[in-house]
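Take a look at the structure set out below.
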Amino acid sequence: MANEKKKEYDRKYYLAHRAQDAARCRKYRQAHKEETRNSVLKYRNSPKGLAMLQRIKDKNKNEFSHKRAARNALKYAVRKGVLIRKPCEVCGNVKSEGHHEDYSKPLEVRWLCSIHHHEIHHSISPGLTS
């Protein structure tokens, strides 16, 4: 019972102090960039890290196969000239990417530069979403 109370207390503390903890971690990583990078690379190349990456890859392969199919159909259509890559709808940048609002319609895309595409996916500019 005491262990459950401790877990509950730790969880509440974590939720209440999440922002401060994230700021502290960011500050540490910024001050120790090389050390942090080497630690991450060491883990990724360890058997445990490689197994974890493979599990993520397998999960994503199965879970997001409809997205991959839509991206491949779009790439093929652009390569064959069925679709012409247009400039970014927002800023006019000619280096644009296709953004699928609906993956079941692989050739219906919004053309956005990488900056505005990132904003849509991370809800930085809510006005960009259609």
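What follows draws every value from the coordinates through simple rules; no lab data is involved. No experiment lies behind these values; they were computed from the predicted model shown. A quick note on method: Cβ atoms are made from the backbone with ideal geometry, for glycine too, and the neighbour counts reach across all protein chains shown.
A few comments on the model shown:
- Taking the helices alone, the chain has a mean residue ellipticity at 222 nm of -20000 deg cm²/dmol, built from -39,500 (n - 2.57) per DSSP H run of at least 4 residues and averaged over all its residues.
- Between the Cα long axis of helix 33-44 and the first principal axis of the chain there is an angle of about 80°, rounded to the nearest 10.
- Relative contact order (%) - the range 48-130, alpha-carbon pairs under 8 angstrom, separation at least six: 22 percent
- Residues considered: Ala16, Ala70, Ala31. Largest GNM mean-square fluctuation over the chain, using C-alpha springs under 10 Å, is found at Ala16.
- Flagged links, alpha-carbon separation over 23 Å, of Lys80/Lys105; Lys75/Lys105; Lys57/Lys95; Lys61/Lys105: Lys57/Lys95
- Placing a label point 7 Å from the Cα of Ala69 along the Cα-to-Cβ direction, the residues of the range 102-120 whose backbone N falls under 12 Å from that point are 103-106.
- Max mean-square fluctuation residue, GNM over the chain, Cα-Cα springs under 10 Å, options Gly81, Gly98, Gly49: Gly81
- Local electrostatic count at Asn38 - Lys and Arg +1, Asp and Glu -1, tallied over other residues with Cβ under 15 Å: +3
- Among Leu74, Leu15, Leu83, residue whose mean-square fluctuation peaks in a GNM of the chain (springs only between Cα atoms under 10 Å): Leu15
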